[in-house]
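Report on the structure given below.
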Amino acid sequence: MEQELFSKVDNYIRNLFAKEDKVLTDTIKSLDSENIPQHSISSNQGKFLQVMMMACNAKKVLEIGALGGYSTIWMARSLPDNGKIITIEADKHHGDLANKNIENAGLKSKVELRIGKALDILPQIISENKEPFDLIFIDADKPPYTEYFTYALKLSRPGTIIICDNVIRSGKILENDTQDEKVQGVQRFNKMLSENQYVTATIIPTVGIKEYDGMAIAVVNRNL
Ligand SMILES: C[S@@+](CC[C@H](N)C(=O)[O-])C[C@H]1O[C@@H](n2cnc3c(N)ncnc32)[C@H](O)[C@@H]1O
């Protein structure tokens, strides 16, 4: 009953604020055609990322976990003409599909997709000594979320917004003796985030068409 209500309310918000066009619905369909799991964010969450990008005037965005490019497309659409997203994807099949969908969205010039494990690619990005990112979206495998966040901080400046998805996991984060390594990964991450002196952070629980979950939002408040 509750899930039905949450879905209806999510659809209500989507119809008001976050209607998908054909590019976005085709991106979602392409996952089924390629037998890739439907693990994209929802359209309301895509709109939420756009709002966060506007809030920090984002020109440079880093994403960890591209899947089929659905969240990348939402964010790339909010970039100014000279804006850029680097998105990291470990799975070549997913990355190839993301590239196809991003091209179909007419956003190829704004997106650089790097295929490889984030823990290998992130040190490379640091060594390139580029300008810090304005917004970083972490949405990949859960066990190394703490390590991803540590790299994200190194690639930030005061004011950078770091958003990390799926940190509540249907409430399983309350289970202290869990053996689920994804849950353990986000439990470790949530604790670290709550104690981290370099950010002002919180977690927003999310309900809707997706299972009950949450997004961590952190704003960097000082230089490392
Ligand atoms: C939840 S999906 C991302 C969804 C995407 N952000 C969206 O909303 O459209 C997670 C993605 O992270 C990728 N991934 C898993 N482990 C990874 C790693 N170590 N480094 C980079 N990407 C990884 C998976 O292959 C998968 O495509």
In percent, what relative contact order does the chain have, based on Cα pairs under 8 Å that are 6 or more apart in sequence?
19
Per residue of the chain, what 222 nm ellipticity follows from adding -39500 (n - 2.57) for every DSSP H run with n ≥ 4, rounded to the nearest 500?
-13500 deg cm²/dmol
Can you tell me the order of 198-210, 62-74 when each peptide is scored by its average per-residue count of other Cβ atoms within 10 angstrom, highest first?
62-74, 198-210
Please list, ordered by chain and number, the residues whose modelled amide H lies under 5 Å from the amide H of V199; skip anything fewer than 5 residues away on the same chain.
N221
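Quote the FRET efficiency, to the nearest 0.05, computed for Q179 versus K100 with a Förster distance R0 of 41 Å and r equal to the Cβ-Cβ distance. Spell out each step's value before the answer.
Numbers: r = 38 Å, r/R0 = 0.91.
Result of the calculation: an efficiency of 0.65.
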Measuring with a 1.4 Å probe in the full set of protein chains, what accessible area per residue, in whole Å², belongs to the chain?
50
Tell me, what HN-Hα J-couplings in whole Hz come from the Karplus equation 6.51 cos²θ - 1.76 cosθ + 1.60 at θ = phi - 60° for each residue of the stretch 110-127, using x for Gly and Pro?
9, 10, 10, 9, 10, 8, x, 6, 4, 5, 8, 6, 4, x, 5, 5, 4, 5
Extension gain E20-N223, at 0.36 nm per residue separation less the Cα-Cα distance, in nm?
69.3 nm
Quantify, in whole percent, the carbon and sulfur part of the accessible surface of the stretch 2-220 (1.4 Å probe; protein heavy atoms only).
52
What are the GluC sites (Glu not before Pro) within the stretch 120-181 that DSSP puts in a loop, where the Cβ has at most 16 other Cβ atoms within 10 Å?
E128, E175
GluC sites (Glu not before Pro) within the stretch 1-51: DSSP coil, no more than 13 neighbouring Cβ in 10 Å
E34
Roughly how many Å is it from the Cα centre of the stretch 157-224 to that of the stretch 16-59, as a whole number?
20
Assuming R0 = 25 Å, can you tell me the calculated FRET efficiency for the pair E147 and Y212, based on Cβ-Cβ distance, to the nearest 0.05?
0.45
Principal axis box of the chain, alpha-carbon based, largest edge first, Å
43, 42, 32
Rounded to whole Hz, the Karplus (6.51, -1.76, 1.60) HN-Hα couplings of the stretch 59-73, x for glycine and proline:
10, 10, 10, 10, 10, 10, x, 8, 6, x, x, 5, 5, 4, 5
Only Cα pairs within less than 10 Å get springs; with that Gaussian network setup on the chain, which residue of G214, G171, G185 has the largest fluctuation?
G171
Just grab the label-to-label distance for K8 and K154, each label 7 Å out from Cα along the Cβ direction, in nm (one decimal).
5.0
Counting only residues 5 or more places away or on other chains, whose amide H sits under 5 Å from the amide H of T87 once H atoms are built in the peptide plane?
E63, E112, L113, R114
The stretch 93-105 - phi-based ³J(HN,Hα) in whole Hz, Karplus 6.51/-1.76/1.60, Gly and Pro as x:
4, 5, x, 5, 5, 4, 4, 4, 5, 5, 5, 4, 7
Which of the trypsin sites (Lys or Arg not before Pro) found in the stretch 114-174 are loop residues per DSSP with 16 or fewer other Cβ atoms within 10 Å of their Cβ?
K117, K130
Just check the stretch 1-109 against the gyration tensor rule for me: Cα atoms, a ≥ b ≥ c as the square roots of the eigenvalues, rounded for a/c under 1.5, and otherwise prolate or oblate depending on whether a/b exceeds b/c.
oblate
Relative contact order computed over the stretch 162-224 (Cα-Cα under 8 Å; 6+ residues apart), in percent
44
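The values are calculated or read from the model by the stated rules, or taken from the named source; none is laboratory data. For clarity, every value in this text was computed on a predicted model and none was experimentally measured. Because the Cβ atoms are built from the backbone with ideal geometry, glycine has one as well, and the counts that use them run over all protein chains shown. For accessibility, only protein heavy atoms count, side chains too; no ligands or nucleic acids. Shrake-Rupley method; radii C 1.70, N 1.55, O 1.52, S 1.80 Å.
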